[in-house]
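**Student:** My questions all concern the structure below.
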Amino acid sequence: MSGVHVSTTINGDAVEFVCNADEPLLDVLRNRLGMTGAKEGCGTGDCGACSVTINGRLVCSCLVLGAEVNGAKVGTIEGMAKGDQLHPLQKNFISHAALQCGICTPGFLIAAKALLDKNPDPSEEEIRFGLAGNLCRCTGYDKIVRAVQATAKEMRGA
Amino acid sequence: MRYEAPETLKSAVTLLAKEKGLAFVLAGGTDLLVKMKGGFLEPDLVVDIKRIKGVFDIAKSATGFRIGAAVPGVQLGENAALVKAWPGVVEGANLIGSKQVQGRCTMVGNLCNGSPAADGVPALIAANAKVVISGPKGKRTIPVEQVPVSPGRISLKKGEIIEAILLPKRPANSSDAYLRFIPRTEMDIAVVSAAVNLTLDGKGTVKDARVVLGAVAPTIIVVPAAAKALIGSKLDAAALEKLAAACAAACKPIDDKRGTIEFRTKVAGVLARRAAEIAYKRAGGK
């Protein structure tokens, strides 16, 4: 199998890698670039644990080929905190105990950020629909929804 | 497997036409990559069409809308003019998968996946939408309903690519709606679905109608008798009753874990009636 050479931007940094033609972006991130924030839950786009953004669009990195992101802008959970400064969503996930085992958390944070970027004042229903592509088997979702609501309020300065 | 991302339709067609092994087009990949991951498909060549000019464009012209093959669901919902003209088409496409899937999934991919339960397709057929196909012998344009042949099979020939979907220009007082039944509130496969596209006259009488059902036959079906039941009416109870009966009569569903024949046949009429009422209101009927 011949390698595909890819030049891309991840969290603002120029990155180059060589991957197999059929290799999912998720595997490239985790196994070739050491960015293990995105998790593999199902590998078929059902659980959202591998959520990233590509050119600002929320996607499952397991359903994207590494080869496809040539020239694109990829955003991962590793780019969410600014140095030691956690994103308000990250802080609120901690203070609301919106996680237990933590496997789903990076995906929820990426999806929640994508939701708030588009809709700074979502209703509870909009939050639940917005996060329907992310599965969590620990929290029962309620604490996640509360954390997102608190963040939305905080970020609106309300 | 080889991955190619050509910059012109012509080179994409040539790559697909010349490939001796198994070749697939990649746009959103939300079906293709799942099948590859599950070992159901082992392509020799994947042709990514997203570098081809125009595939992400939604163009409005005097003749209607032209939607590029790689336009993802989320982009359809962001286009206010498209949502206004074809709310049913957009709501169908937007029901596919999660927000993550919406970031990638395309109507053309949904169509080419060939599922009779595809949420993105019934409203397109109800809209009299067409697809523009590029192939080794040039371009051709065919109605959307001529693409699916049977579950998982489509009429495209080797080397052919759907480059865009064409939605016709809207007459005044027209609108559409799409509804599906699923046992949950989101992210599921339609057990039954219905799309209705209506045009009213100035007084609210239905002038033109098209009724389409999904997941009740080997392919998505057009039900002319159901449309006939609506034409000339103001969606009174008798017309809606006739519509539901015509829909039930057209169903040839299977029994499976998601729904029985009896359930699908009954619910097809219920959904068609509700979709007709929504489309009627959207078209300005009272």
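No lab work stands behind these numbers, since they all come straight from the coordinates. The shown structure was predicted, so the numbers you read here are calculated from the model rather than taken from an experiment. Virtual Cβ from ideal backbone geometry, glycine too; neighbours counted across all protein chains shown.
**Student:** Out of every Cα pair in chain A, what percent are spaced more than 20 Å from each other?
**Tutor:** Distances greater than 20 Å cover 48 percent of the Cα pairs.
**Student:** Which distance in Å, rounded to a whole number, links the C-alpha centroids of the range B:114-185 and the range B:41-109?
**Tutor:** Cα centroid of the range B:114-185 versus Cα centroid of the range B:41-109: 12 Å apart.
**Student:** With r defined as the distance between the Cβ atoms of B:GLU42 and B:ALA238 and R0 fixed at 51 Å, what FRET efficiency is calculated, to the nearest 0.05?
**Tutor:** On the way: r = 55 Å, r/R0 = 1.08.
Rounded to the nearest 0.05, the efficiency is 0.40.
**Student:** I would also like to ask the following. Cα axis of helix A:105-118 to longest principal axis of chain A: angle in degrees, 0 to 90, nearest 10?
**Tutor:** The angle comes out near 70 degrees.
**Student:** Would you calculate a helix-derived [θ] at 222 nm for chain B, using -39,500 (n - 2.57) for each DSSP H run of n ≥ 4 and dividing by the full residue count, to the nearest 500?
**Tutor:** On the way: 11 runs with 94 residues, N = 286.
The helix contribution divided over chain B gives -9000 deg cm²/dmol.
**Student:** Using only Cα atoms, tell me the angle between helix B:9-18 and the longest principal axis of chain B; keep it within 0 to 90° and round to the nearest 10.
**Tutor:** 70 degrees
**Student:** Something else now. Between the range B:22-37 and the range A:11-73, how far is it from one alpha carbon centroid to the other, in angstrom?
**Tutor:** Answer, in whole Å: 16.
**Student:** For the pairs A:LYS39/B:LYS10; B:LYS35/B:LYS99; A:LYS39/A:LYS82; B:LYS60/B:LYS257, flag any whose C-alpha to C-alpha distance is greater than 30 Å.
**Tutor:** Numbers: A:LYS39/B:LYS10 38 Å; B:LYS35/B:LYS99 20 Å; A:LYS39/A:LYS82 21 Å; B:LYS60/B:LYS257 42 Å.
Among A:LYS39/B:LYS10; B:LYS35/B:LYS99; A:LYS39/A:LYS82; B:LYS60/B:LYS257, the Cα-Cα distance tops 30 Å for A:LYS39/B:LYS10; B:LYS60/B:LYS257.
**Student:** Which residues among the range B:216-233 fall inside the zone where the amide N is under 15 Å from a point 7 Å beyond the Cα of B:LYS252, along Cα→Cβ?
**Tutor:** Hits in the range B:216-233 for B:LYS252 at 15 Å: B:216-224.
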